[in-house]
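Shown next, in C-alpha cells, is the structure this report addresses.
The values are calculated or read from the model by the stated rules, or taken from the named source; none is laboratory data. This is a predicted model, so every value here is computed, not measured. Cβ atoms come from the backbone with ideal geometry, glycine included; neighbour counts cover every protein chain shown.
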C-alpha cells in the first residue's frame, strides 16, 4: 500500500482527568486541554500514514495550526479525523520549531454554566 491523497486515519478516546487543562498546566479548569486536542489530532495523522510506511520509516510532526473552539468536559468522547491533502518529500535540516499561540480570557462562572449544560 502507498500513501495517496485522500488517505484517512482516526483516533478517539473518552476525556479523563489526565487530558484536562488543569492536569497539564495549560489552564485552571477541568476540561479537555488544547495540548490534548493537538495530541489527538496528531494521533489521527499518525494512524493515517504510519501503517503505510515501509519498515524503518515513521512520520514526525513538524507543524500544526489549530483552534480550540469549544470546551469538552471529563467523560465525553472526543475524536479526530485526518486526511492526506498534500504529499511532499524532503530531507533538509531546518529550523526545529515555530509557533503562534493564542489565549482567550473566559468568565469562569459563565464557562462553568455552559459546561454543566453540556452535562459535565
For this session: Determine if the range 75-93 includes at least one residue that is more than 22 Å from residue 45 (Cα to Cα), within 19 Å of the chain's Cα centre (by Cα) and modelled with pLDDT of 75 or more.
Result: yes
Problem set entry | Matching residues in the range 63-77 - criterion: being within 15 Å of residue 21 (Cβ to Cβ), assigned to a loop (DSSP other than H, G, I, E, B) and in contact (Cβ under 8 Å) with a residue 40 or more places away in the chain | 71, 72, 74, 76
Problem set entry | Enumeration of residues in the range 1-25 that are surrounded by fewer than 17 Cβ atoms within 10 Å (Cβ to Cβ) and either within 22 Å of residue 113 (Cβ to Cβ) or touching a helix residue (DSSP H, G or I) at 6+ places or on another chain (Cβ under 7 Å) (or both) | 1, 2, 3, 8, 10, 17, 22, 23, 24
